[in-house]
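To start, the structure under review is shown below, and the notes come after it.
The values are calculated or read from the model by the stated rules, or taken from the named source; none is laboratory data. This one's a predicted model, so the numbers in the text were calculated from it and none came from an experiment. Counting neighbours? That spans all protein chains shown, and the Cβs are built from the backbone with ideal geometry, glycine included. To get the accessible areas, we keep the full protein, side chains included, count just its heavy atoms, and leave off ligands, DNA and RNA. Shrake-Rupley method; radii C 1.70, N 1.55, O 1.52, S 1.80 Å.
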Amino acid sequence: MLKTYTFSITLDELEARRAAEVLHESGLTAEGVIRLLLERTAREGALPIRKTRSRVQRQPAAAIPGLFVQGDLFSSLPPAGEAESFPEAARIPRLSLVTLASLQDAQAILRWRARERGSGDGGLLSRSPAGTLELLETKQFRIDKTRIASAPERPAIIAALEAVFTDLTEGRTPPGARPAGSGSAQYLPIHPAGMPEDALAVVYEAGDAEICLARYGSPSDILAEPPKD
(Lines give C-alpha, C1' and ligand atoms only; values in the text may rest on other atoms or scores of the structure.)
Protein backbone atom coordinates (compact mmCIF):
# COMPACT_ATOMS: atom_id res chain seq x y z
CA MET A 1 0.00 0.00 0.00
CA LEU A 2 1.40 3.38 -1.04
CA LYS A 3 1.20 6.40 1.19
CA THR A 4 1.47 10.02 0.10
CA TYR A 5 3.48 12.54 2.11
CA THR A 6 3.58 16.30 1.67
CA PHE A 7 6.80 18.23 2.40
CA SER A 8 7.01 21.99 2.85
CA ILE A 9 10.23 24.05 2.56
CA THR A 10 10.27 27.78 3.22
CA LEU A 11 12.74 29.87 1.18
CA ASP A 12 12.87 33.54 0.44
CA GLU A 13 12.26 34.66 -3.15
CA LEU A 14 15.92 34.90 -4.17
CA GLU A 15 16.89 31.56 -2.59
CA ALA A 16 13.97 29.83 -4.30
CA ARG A 17 14.94 31.21 -7.71
CA ARG A 18 18.58 30.22 -7.27
CA ALA A 19 17.61 26.71 -6.18
CA ALA A 20 15.23 26.31 -9.12
CA GLU A 21 17.96 27.51 -11.51
CA VAL A 22 20.52 25.00 -10.19
CA LEU A 23 18.04 22.12 -10.35
CA HIS A 24 16.95 23.08 -13.87
CA GLU A 25 20.57 23.17 -15.10
CA SER A 26 21.04 19.65 -13.71
CA GLY A 27 17.86 18.36 -15.33
CA LEU A 28 16.20 17.84 -11.95
CA THR A 29 13.05 18.96 -10.15
CA ALA A 30 12.55 19.64 -6.45
CA GLU A 31 10.18 16.65 -6.20
CA GLY A 32 12.69 14.40 -7.94
CA VAL A 33 15.53 15.41 -5.62
CA ILE A 34 13.44 14.76 -2.49
CA ARG A 35 12.40 11.34 -3.82
CA LEU A 36 16.02 10.40 -4.57
CA LEU A 37 17.09 11.41 -1.06
CA LEU A 38 14.32 9.42 0.59
CA GLU A 39 14.95 6.32 -1.55
CA ARG A 40 18.66 6.40 -0.77
CA THR A 41 17.98 6.98 2.93
CA ALA A 42 15.64 3.98 2.97
CA ARG A 43 18.33 1.81 1.37
CA GLU A 44 21.42 3.03 3.23
CA GLY A 45 20.10 4.48 6.51
CA ALA A 46 20.89 7.95 7.87
CA LEU A 47 22.81 10.18 5.47
CA PRO A 48 25.09 12.77 7.07
CA ILE A 49 24.67 16.12 5.36
CA ARG A 50 28.08 17.67 4.98
CA LYS A 51 29.97 19.84 2.56
CA THR A 52 32.47 18.03 0.39
CA ARG A 53 35.60 19.66 -0.90
CA SER A 54 35.37 20.17 -4.63
CA ARG A 55 38.30 18.93 -6.71
CA VAL A 56 37.46 21.40 -9.44
CA GLN A 57 39.38 24.64 -9.18
CA ARG A 58 36.73 27.33 -9.02
CA GLN A 59 37.08 30.77 -10.49
CA PRO A 60 37.20 33.50 -7.81
CA ALA A 61 33.75 35.02 -7.37
CA ALA A 62 35.06 38.52 -8.01
CA ALA A 63 36.06 37.48 -11.53
CA ILE A 64 32.92 35.59 -12.57
CA PRO A 65 31.37 37.45 -15.53
CA GLY A 66 27.92 38.84 -14.90
CA LEU A 67 28.18 39.12 -11.12
CA PHE A 68 29.77 42.16 -9.53
CA VAL A 69 32.98 43.95 -10.44
CA GLN A 70 35.22 44.03 -7.38
CA GLY A 71 36.72 47.34 -8.45
CA ASP A 72 33.31 48.99 -8.22
CA LEU A 73 33.21 48.34 -4.50
CA PHE A 74 36.52 49.82 -3.44
CA SER A 75 36.92 52.73 -5.86
CA SER A 76 35.52 55.16 -3.29
CA LEU A 77 38.92 55.44 -1.60
CA PRO A 78 40.74 58.64 -2.59
CA PRO A 79 44.22 58.23 -4.16
CA ALA A 80 47.02 57.66 -1.66
CA GLY A 81 48.38 60.92 -0.31
CA GLU A 82 45.54 62.96 -1.77
CA ALA A 83 42.87 62.43 0.88
CA GLU A 84 43.44 65.84 2.45
CA SER A 85 43.25 67.62 -0.90
CA PHE A 86 39.68 66.45 -1.54
CA PRO A 87 37.00 68.91 -0.35
CA GLU A 88 34.71 67.08 2.11
CA ALA A 89 31.59 67.74 0.04
CA ALA A 90 33.20 66.39 -3.15
CA ARG A 91 34.48 63.10 -1.72
CA ILE A 92 32.83 59.86 -2.70
CA PRO A 93 31.56 58.29 0.55
CA ARG A 94 33.69 55.43 1.90
CA LEU A 95 31.40 52.54 2.75
CA SER A 96 31.79 50.19 5.73
CA LEU A 97 32.59 46.52 5.17
CA VAL A 98 29.02 45.45 5.98
CA THR A 99 27.70 47.96 3.45
CA LEU A 100 30.19 46.78 0.82
CA ALA A 101 29.06 43.18 1.33
CA SER A 102 25.40 44.19 1.00
CA LEU A 103 26.16 46.29 -2.07
CA GLN A 104 27.91 43.27 -3.55
CA ASP A 105 24.71 41.26 -3.02
CA ALA A 106 22.67 44.03 -4.66
CA GLN A 107 24.92 44.05 -7.72
CA ALA A 108 24.69 40.27 -8.02
CA ILE A 109 20.88 40.36 -7.77
CA LEU A 110 20.56 42.97 -10.50
CA ARG A 111 22.99 41.21 -12.84
CA TRP A 112 21.21 37.88 -12.31
CA ARG A 113 17.86 39.45 -13.15
CA ALA A 114 19.32 41.15 -16.22
CA ARG A 115 20.65 37.78 -17.45
CA GLU A 116 17.25 36.18 -16.86
CA ARG A 117 15.50 38.85 -18.91
CA GLY A 118 18.07 38.45 -21.68
CA SER A 119 17.74 34.66 -21.72
CA GLY A 120 14.09 34.72 -22.74
CA ASP A 121 12.95 33.36 -19.38
CA GLY A 122 12.31 36.83 -18.02
CA GLY A 123 8.59 36.20 -17.96
CA LEU A 124 9.16 34.52 -14.61
CA LEU A 125 10.24 37.85 -13.13
CA SER A 126 7.60 40.10 -11.64
CA ARG A 127 6.69 43.09 -13.75
CA SER A 128 6.34 46.65 -12.52
CA PRO A 129 3.70 49.01 -13.93
CA ALA A 130 4.71 50.58 -17.23
CA GLY A 131 7.20 53.41 -16.83
CA THR A 132 8.34 52.46 -13.33
CA LEU A 133 11.25 50.51 -11.87
CA GLU A 134 10.90 47.58 -9.48
CA LEU A 135 12.21 48.05 -5.93
CA LEU A 136 14.21 45.10 -4.53
CA GLU A 137 15.88 44.65 -1.14
CA THR A 138 18.99 42.77 -0.04
CA LYS A 139 18.79 40.57 3.05
CA GLN A 140 20.90 43.13 4.94
CA PHE A 141 18.49 45.93 4.03
CA ARG A 142 15.59 43.93 5.45
CA ILE A 143 17.58 43.42 8.67
CA ASP A 144 18.42 47.13 8.86
CA LYS A 145 14.78 48.06 8.26
CA THR A 146 13.59 46.23 11.39
CA ARG A 147 14.97 49.13 13.43
CA ILE A 148 12.14 51.32 12.15
CA ALA A 149 9.54 49.31 14.09
CA SER A 150 10.94 50.42 17.46
CA ALA A 151 11.99 53.95 16.49
CA PRO A 152 10.06 56.78 18.22
CA GLU A 153 10.16 58.71 14.91
CA ARG A 154 8.67 55.79 12.98
CA PRO A 155 5.92 57.77 11.11
CA ALA A 156 8.40 60.44 10.00
CA ILE A 157 10.97 57.86 8.90
CA ILE A 158 8.40 55.92 6.87
CA ALA A 159 7.15 59.13 5.22
CA ALA A 160 10.72 60.13 4.26
CA LEU A 161 11.47 56.66 2.86
CA GLU A 162 8.23 56.62 0.87
CA ALA A 163 9.19 59.91 -0.76
CA VAL A 164 12.61 58.49 -1.65
CA PHE A 165 11.14 55.23 -2.97
CA THR A 166 8.66 57.16 -5.14
CA ASP A 167 11.53 59.05 -6.77
CA LEU A 168 13.48 55.82 -7.33
CA THR A 169 10.63 53.79 -8.82
CA GLU A 170 9.72 56.65 -11.14
CA GLY A 171 13.29 56.74 -12.44
CA ARG A 172 14.37 59.99 -10.78
CA THR A 173 17.54 60.57 -8.77
CA PRO A 174 16.49 61.84 -5.31
CA PRO A 175 18.01 65.17 -4.22
CA GLY A 176 21.24 64.71 -2.27
CA ALA A 177 22.22 61.31 -3.76
CA ARG A 178 25.99 60.89 -4.21
CA PRO A 179 27.94 58.18 -6.06
CA ALA A 180 29.24 55.43 -3.76
CA GLY A 181 31.54 53.73 -6.27
CA SER A 182 32.49 53.69 -9.94
CA GLY A 183 29.31 51.79 -10.80
CA SER A 184 25.75 53.01 -10.32
CA ALA A 185 25.66 52.69 -6.52
CA GLN A 186 24.39 55.74 -4.65
CA TYR A 187 24.62 57.02 -1.06
CA LEU A 188 21.52 58.98 -0.15
CA PRO A 189 20.95 60.90 3.13
CA ILE A 190 17.28 60.97 4.13
CA HIS A 191 15.67 63.66 6.26
CA PRO A 192 12.71 62.55 8.41
CA ALA A 193 10.78 65.48 9.85
CA GLY A 194 11.99 66.45 13.31
CA MET A 195 15.27 64.51 13.09
CA PRO A 196 18.79 66.01 12.72
CA GLU A 197 20.42 66.38 9.32
CA ASP A 198 22.44 63.30 8.26
CA ALA A 199 20.73 61.16 10.91
CA LEU A 200 19.83 58.42 8.44
CA ALA A 201 20.83 57.31 4.96
CA VAL A 202 20.23 54.67 2.27
CA VAL A 203 22.68 52.96 -0.08
CA TYR A 204 21.27 51.50 -3.29
CA GLU A 205 22.36 50.06 -6.63
CA ALA A 206 20.52 51.12 -9.78
CA GLY A 207 19.84 48.70 -12.61
CA ASP A 208 18.13 49.05 -15.98
CA ALA A 209 14.74 47.84 -14.73
CA GLU A 210 15.18 47.72 -10.95
CA ILE A 211 16.63 49.52 -7.96
CA CYS A 212 18.18 47.24 -5.31
CA LEU A 213 18.27 48.71 -1.81
CA ALA A 214 21.50 47.67 -0.11
CA ARG A 215 21.51 49.33 3.34
CA TYR A 216 19.51 51.61 5.61
CA GLY A 217 20.62 53.23 8.85
CA SER A 218 22.77 55.91 10.43
CA PRO A 219 25.88 57.14 8.57
CA SER A 220 28.04 55.71 11.38
CA ASP A 221 26.72 52.24 10.49
CA ILE A 222 26.81 52.61 6.73
CA LEU A 223 30.04 54.53 6.17
CA ALA A 224 33.65 53.83 7.11
CA GLU A 225 34.11 57.57 7.69
CA PRO A 226 30.81 59.22 8.71
CA PRO A 227 30.37 62.94 7.93
CA LYS A 228 31.90 65.20 10.57
CA ASP A 229 29.61 67.44 12.60
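On the basis of being part of a helix (DSSP H, G or I), modelled with pLDDT under 75 and over 25 Å from the mean Cα position of the chain (by Cα), does LEU14 make the cut? Walk me through how you get there before you give the answer.
Working: part of a helix (DSSP H, G or I): yes; modelled with pLDDT under 75: yes; over 25 Å from the mean Cα position of the chain (by Cα): no.
No; evaluated as a whole, the condition is false for this residue.
Of the residues LEU223, LEU213, LEU188, which single one is under 25 Å from ALA108 (Cα atoms) and out of contact with any Ser or Thr (no Cβ under 8 Å at 6 or more places or on another chain)?
The conditions single out LEU188.
Within region 182-198, which residues are in contact with a helix residue (DSSP H, G or I) (Cβ under 8 Å, 6 or more places away or on another chain) and open to solvent by 10 Å² or more (accessible area, probe 1.4 Å)? I'd like the intermediate steps shown before the answer.
Let us first name the residues in region 182-198 that are in contact with a helix residue (DSSP H, G or I) (Cβ under 8 Å, 6 or more places away or on another chain), namely 182-183, 185, 187-195, 198.
Scanning region 182-198 gives SER182, GLY183, PRO189, HIS191, ALA193, GLY194, MET195, ASP198.
Evaluate region 166-173: report whether one residue or more is surrounded by fewer than 16 Cβ atoms within 10 Å (Cβ to Cβ), closer than 21 Å to ARG111 by Cα and among the small types (Gly, Ala, Ser).
Looking through region 166-173, at least one residue is surrounded by fewer than 16 Cβ atoms within 10 Å (Cβ to Cβ), closer than 21 Å to ARG111 by Cα and among the small types (Gly, Ala, Ser).
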